[in-house]
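What follows is one structure encoded as structure tokens, with my remarks underneath.
The values are calculated or read from the model by the stated rules, or taken from the named source; none is laboratory data. It should be emphasised that the depicted structure is a prediction, and the values quoted were computed from it without experimental measurement. When we count neighbours, we look across all protein chains shown, and the Cβ atoms used for this are built from the backbone with ideal geometry, even at glycine. Remember, those area values only see protein heavy atoms, side chains included, never the ligands or the DNA or RNA. Shrake-Rupley method; radii C 1.70, N 1.55, O 1.52, S 1.80 Å.
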Amino acid sequence: MRRPIVVANWKMHKTVPEARSYLRRLIELVGRDPGLDVVVLPSFTALPAAAEMLVGTPIALGAQNAHPEASGAFTGEVSVVQLTDLGVRYVVCGHSERRHLFGEDDALIGRKVQAVTAHGQVPILCVGETLDERRAGRAWEVVARQLEAGASELGDDPRGLVIAYEPVWAIGTGVAAQPADAQAMASQVRGWLRDRFGAKGDEIRVQYGGSVKPDNAREFLSLPDVDGALVGGASLDPGAFAAIAHAARR
Ligand code: PEP
């Protein structure tokens, strides 16, 4: 059975003191043995403070992005090596805001996934179609292309890879996908993973993301091919995020 994984994407929110007070509360709410993987993705600035606070807790630290090169003349970027040094264990690759607002393409995202894996961290590869693509009946074609490119440098070994299916039109809009549509896509993703990685594909966790809240979390987290959630807006409140995490328990 795949262990559920629930991830809080804070995006560009929270100062260091705000991050500390959030984590104090979340640690209390999550408890010692949540029975699932709980991950927080603070801004880069809050990572050192968060790393310190999360030692000895069941909450893991992740980053929202990383550059694939280990070091070099890449002003404003942060490398996987630098993140590893801070205790980061998960890195999001290809979030739709990176793809659409910052022009990240499939090839760059594939390199990020490879770099994260090469440093022993877990890549969370985000895939998902826009509303126009869905309306044009191209949702699966787009997601399949993103999966293909994202996993293109992994060889036969997915090593911990996590996929987040996040329809772009559901992110930050308050309009979540229909659970049946999320299940249909997660099942197609699972079929693709099985074709690509054989039996190892069955171990890869597939999350749903897009306007998940405490009151709709269970609808998504009980779907047979959905193993967790990537949560943006609702994760900014520790009580709401902990409620979503509790809904993911099996
Ligand atoms: C996200 O940031 O990946 C996300 C799904 O955001 P929200 O939950 O706000 O839709």
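Just to be sure before I move on: is LEU125 within 17 Å of the chain's Cα centre (by Cα), at pLDDT 95 or above, away from the ligand (no atom under 16 Å from the Cβ) and not basic (Lys, Arg) in the structure I sent? Against the criterion (within 17 Å of the chain's Cα centre (by Cα), at pLDDT 95 or above, away from the ligand (no atom under 16 Å from the Cβ) and not basic (Lys, Arg)), LEU125 does not qualify. ILE109 fulfils the conditions (1) within 17 Å of GLN207 (Cα to Cα); (2) under 14 Å from the mean Cα position of the chain (by Cα); (3) buried (at least 23 other Cβ atoms within 10 Å of the Cβ) except for a single criterion, (1).
Here is a yes/no grid of residues against (1) closer than 19 Å to ASN65 by Cα; (2) open to solvent by less than 20 Å² (accessible area, probe 1.4 Å):
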{"site": "LEU131", "(1), (2)": "no, no"}
{"site": "ARG134", "(1), (2)": "no, no"}
{"site": "VAL142", "(1), (2)": "no, yes"}
{"site": "ALA151", "(1), (2)": "yes, yes"}
{"site": "GLY155", "(1), (2)": "no, no"}
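Looking only at the stretch 160-167, decide whether some residue is farther than 19 Å from GLY201 by Cα, surrounded by 22 or more Cβ atoms within 10 Å (Cβ to Cβ) and either of a type outside the set (Asp, Glu) or free of Cβ contacts under 8 Å to residues at least 12 places away in the same chain (or both). Yes, there is a match, as at least one residue in the stretch 160-167 is farther than 19 Å from GLY201 by Cα, surrounded by 22 or more Cβ atoms within 10 Å (Cβ to Cβ) and either of a type outside the set (Asp, Glu) or free of Cβ contacts under 8 Å to residues at least 12 places away in the same chain (or both). Only one of the numbered conditions (1) out of contact with any His (no Cβ under 9 Å at 6 or more places or on another chain); (2) at pLDDT 95 or above; (3) closer than 18 Å to GLY94 by Cα is not met by VAL212, and that is (3).
Pairs linking a residue in the stretch 196-218 that is crowded, with 17+ Cβ neighbours inside 10 Å to a residue that is part of a helix (DSSP H, G or I) and of a type in the set (Lys, Arg), with Cβ atoms under 6 Å and 6 or more positions apart or on different chains, are GLY201/ARG194. Whether any residue in the stretch 134-151 is under 16 Å from ILE124 (Cβ atoms) and acidic (Asp, Glu) is what I want to check. No, that holds for no residue.
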